[in-house]
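Report on the structure given below.
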Amino acid sequence: MQTAIDCDIHPGVPDIHALLPYMEPFWQDAFVQRGLDGFDMMSYPLNAPLTCRPDWRVKGQRPGASLDAMRAQALDAFDIGIAICNPLTGGQVALSETMGAAICSAVNDWVRDHWLNQEPRLRASIVVPAQAPLLAAEEIHRCAADHRFVQILLPVACEMMLGRSYYWPIYEAAARYDLPIGIHAGSLYRYAPTATGWPSHFVHDYVAQSQTFEAQILSLISNGVVNRFPTLRFVLLESGVSWLPGFIWRAIKTWRGVRGEVPWVNRSPGDIIRDHFRLSIQPFDAADTHAVQRTVEQIDADHMLLFASDYPHWQFEGDAVMPPGLPESLRRRIRLDNPLATYPRLQEEAA
């Protein structure tokens, strides 16, 4: 295997109507009778430039909804040998735990039938209801037998911090099947996505998500998740990268002063982050070649960065998916070696 492994690609779920055949009769009737069969499944603003590159849009379809377009515009264009589908659907944010679980289960079955079964290069994350960890664990157990599911997908902003023991049933199931936890930009919107209230525009919401990634990393470390589940890996998807050096520096500095509060954090947060966390390269959010090189040097990123096109979202100039200025040896690691080391089920295939 010499081609790239794309760790973040987004098939577009058309609407709730497409999922009804994958639901139990109760939910089929409930969505139709209650008028919810028009439930908006779009997790990104439909017409926002970030949502889809203009020449990638297919008239009459939601961004990413066409498998043929994905093949031509991403898999073939970027020389992708394997791509991990991360379906982002509004259904994950349902206030009802059981409704959210029904939607997530239907999304997983829909992705299997319409994407994985139709294109051998595709793999997928298991979409789970973060608002219902016990139901999420059941869904992991249900889907894990299909080894084309290689990861578990959570939004970065949930009902509480991800380190809390409330979420540990998800981590226990992930550890059992050796599945990484993909944490993607996005929110259940139970609370304001910034520390000082609700943003007025999408640009504020999107940029502010890097603060939430920082908070979740510290939550997972300080609450002892990485101690309880030492083999677990977390993949930060669409988090950006350039914020990480300053965050690591401050985390180490503060931990040295208050480490007595969390005695189980018996290693530097920098070492824990390098061991347990990975980041996709889109968006990289660095101004130029020098900034890219400095960021990589500061975080010791040889094994931390994973290739991702983020298709159909548009985070880069032209077709330059890889950040500029990376040495060829690191480019290979990012495109192939690091994803293989991160996802055990892809290692099985390579072997």
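A short reminder: the numbers here are calculations on the coordinates, not readings from a lab. It should be emphasised that the depicted structure is a prediction, and the values quoted were computed from it without experimental measurement. Backbone-built Cβ (ideal geometry, glycine too); neighbour counts: all protein chains shown.
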Given N residues in the chain, what is Rg(Cα) / (2.2 N^0.38 Å)? 0.95
Any chance you could get the radius of gyration and Dmax over the Cα atoms of region 56-132, in Å? 13.8, 41
Say each of Y189 and R228 gets a label point 7 Å from the Cα, pointing the same way as Cα to Cβ; how far apart are those two points in nm? 3.0
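Cut-off is 10 Å between beta-carbons; in what order do H10, H141 appear when sorted fewest neighbours first?
Working: H10 26, H141 13.
Sorted ascending by nearby Cβ count, the order is H141, H10.
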Spin-label pair E317/D113, simplified geometry with 7 Å Cα→Cβ offset, distance in nm: 4.5
How compact and how long is region 262-351, expressed as Rg and Dmax of its alpha-carbon atoms in Å? 14.6, 48
One finds, for R332 and T289 with R0 = 22 angstrom and r their Cβ-Cβ distance, a FRET efficiency to the nearest 0.05 of 0.75
Between E261 and F26, what FRET efficiency follows from the Cβ-Cβ distance if R0 is 56 Å, with the result rounded to 0.05? 0.75
Region 4-350: antiparallel bridges as % of DSSP beta bridges, rounded to 5, reads 5
Return, for the Cα atoms of region 203-331, the radius of gyration and Dmax in Å, separated by a comma. 15.3, 49
Dipole magnitude (debye, nearest 20) for the chain, charges at Cβ of Lys, Arg, Asp, Glu: 780
Show me the three semi-axes of the equivalent ellipsoid for region 147-200, from the C-alpha gyration tensor (sqrt of 5 times each eigenvalue), largest first, rounded to whole Å. 26, 13, 6
Quick check: pseudo-label points 7 Å beyond the Cα along Cα→Cβ at M160 and D146, how many nm apart are they? 3.2
From the Cα centre of region 239-308 to that of region 196-224, the distance in Å is 15
Percent of Cα-Cα distances greater than 16 Å, calculated over region 1-117: 62
Virtual paramagnetic centre 7 Å along Cα→Cβ of R250, amide N under 13 Å, in region 193-213: 195, 210-213
Bin width 10 Å, alpha-carbon pairs only: give the P(r) of region 62-195 as whole percents, running from 0 to the bin holding the largest distance. 12, 43, 32, 13, 0
Taking the dipole about the Cα centre of the chain, with the C-beta of Lys and Arg at +1 and of Asp and Glu at -1, give me whichever of P54, Y311, A287 is farthest to the positive side. A287
Which of the peptides 169-177, 124-132 is most tightly packed, and how do the rest follow, judged by the mean count of other Cβ atoms within 10 Å per residue? 124-132, 169-177
